[in-house]
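The values are calculated or read from the model by the stated rules, or taken from the named source; none is laboratory data. This is a predicted model, so every value here is computed, not measured. Cβ: placed from backbone, ideal geometry, glycine included. Neighbour counts: every protein chain shown. Ligands, DNA and RNA are excluded from the accessible area calculation, which covers all protein heavy atoms including side chains. Shrake-Rupley method; radii C 1.70, N 1.55, O 1.52, S 1.80 Å.
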Amino acid sequence: KLLPWLEEGITQSVLNKALIGYYPGGDQITIPHFDINNRFVGLRGRTMCEEEGKIYGKYRPLKINNLLYNHPLGYNLYGLNWAKDNIKQIKKVIVVEAEKSVLKYISYFGEENNICVATCGSNLTSYQMQLLLSLGVNEVVVAFDKQYEKLNTEESKKWIKKLTQIYSKYKNETLISFIWDKEEVL
């Protein structure tokens, strides 16, 4: 069941390091979450069922035998436990939305170059920003998913407004930049 992720360029060694697995009871890829100190804090699942993903969302806490393995996403950054030393060294971080993007980044650029973390949503909370600033970050590159089909639409303007709010909120704490698909490649 992990074949689609392998086909997208996530390496088996990265999947192993991240302890990615599969839960057949929910037809979900399992994604353990750890805090900055490598302590287990929650378990999320990525549904493999397209219909279920449309109804409930692709990513959600895993529920096994009536036990919900959730944690407050705004109080953690996925992958920070692996990237913190590199982030401290170069004082830059790339913030993405999903765990899968972190795993792709590590697969493409290697653990030794990993400066990528995920918010697990399209919000960057004050707590998450303080975690990054505590590492001495002087630049945060926000690389959230494209949330619109075409530029210059109401949908794209709403997305620009949301990103502008993130910029306004943190611009006095660190340099904030954004990766933006101006050429509509994605």
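Take the stretch 14-35 and flag every residue that is outside any helix (DSSP H, G or I) and closer than 27 Å to residue 84 by Cβ. Quick ask: steps written out before the conclusion?
First pass over the stretch 14-35, keeping only residues outside any helix (DSSP H, G or I): 18-35.
Residues satisfying the conditions are 18, 19, 20, 21, 29, 30, 31, 32, 33, 34, 35.
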Some residue of the stretch 167-175 being within 18 Å of the chain's Cα centre (by Cα), β-branched (Val, Ile, Thr) and within 26 Å of residue 90 (Cβ to Cβ): no
Residue in the stretch 134-153 that is surrounded by 16 or more Cβ atoms within 10 Å (Cβ to Cβ), on the phi < 0 side of the Ramachandran plot, among the β-branched types (Val, Ile, Thr) and touching a Gly at 6+ places or on another chain (Cβ under 6 Å) present: no
When residues of the stretch 10-38 are limited to those that are touching a Leu at 6+ places or on another chain (Cβ under 9 Å) and over 24 Å from residue 73 (Cα atoms), the one surrounded by the fewest Cβ atoms within 10 Å (Cβ to Cβ): 12
Selection count, the stretch 39-52, where residues are crowded, with 16+ Cβ neighbours inside 10 Å and among the charged types (D, E, K, R): 2
Qualifying residue in the stretch 33-42 (condition: under 17 Å from residue 121 (Cβ atoms), modelled with pLDDT of 90 or more and of a type in the set (Lys, Arg)): no
Filter result for the condition that a residue is open to solvent by less than 80 Å² (accessible area, probe 1.4 Å) and in contact with a strand residue (DSSP E or B) (Cβ under 7 Å, 6 or more places away or on another chain), over 81, 86, 114: 81
The listed residue being assigned to a loop (DSSP other than H, G, I, E, B) and within 24 Å of residue 80 (Cβ to Cβ), out of 149, 173: 173
Segments classed as strands (runs of 3 or more DSSP E), wholly inside the stretch 36-132, with at least 2 members that are under 28 Å from residue 165 (Cα atoms): 59-61, 92-96, 116-118
Any hit, the stretch 157-175, residues being surrounded by 13 or more Cβ atoms within 10 Å (Cβ to Cβ), farther than 29 Å from residue 47 by Cβ, at pLDDT below 95 and among the aliphatic types (A, V, I, L, M): yes
Pairs with Cβ under 7 Å, 6+ apart, first in the stretch 35-52 and farther than 25 Å from residue 4 by Cβ, second open to solvent by 40 Å² or more (accessible area, probe 1.4 Å): 35/41; 36/84
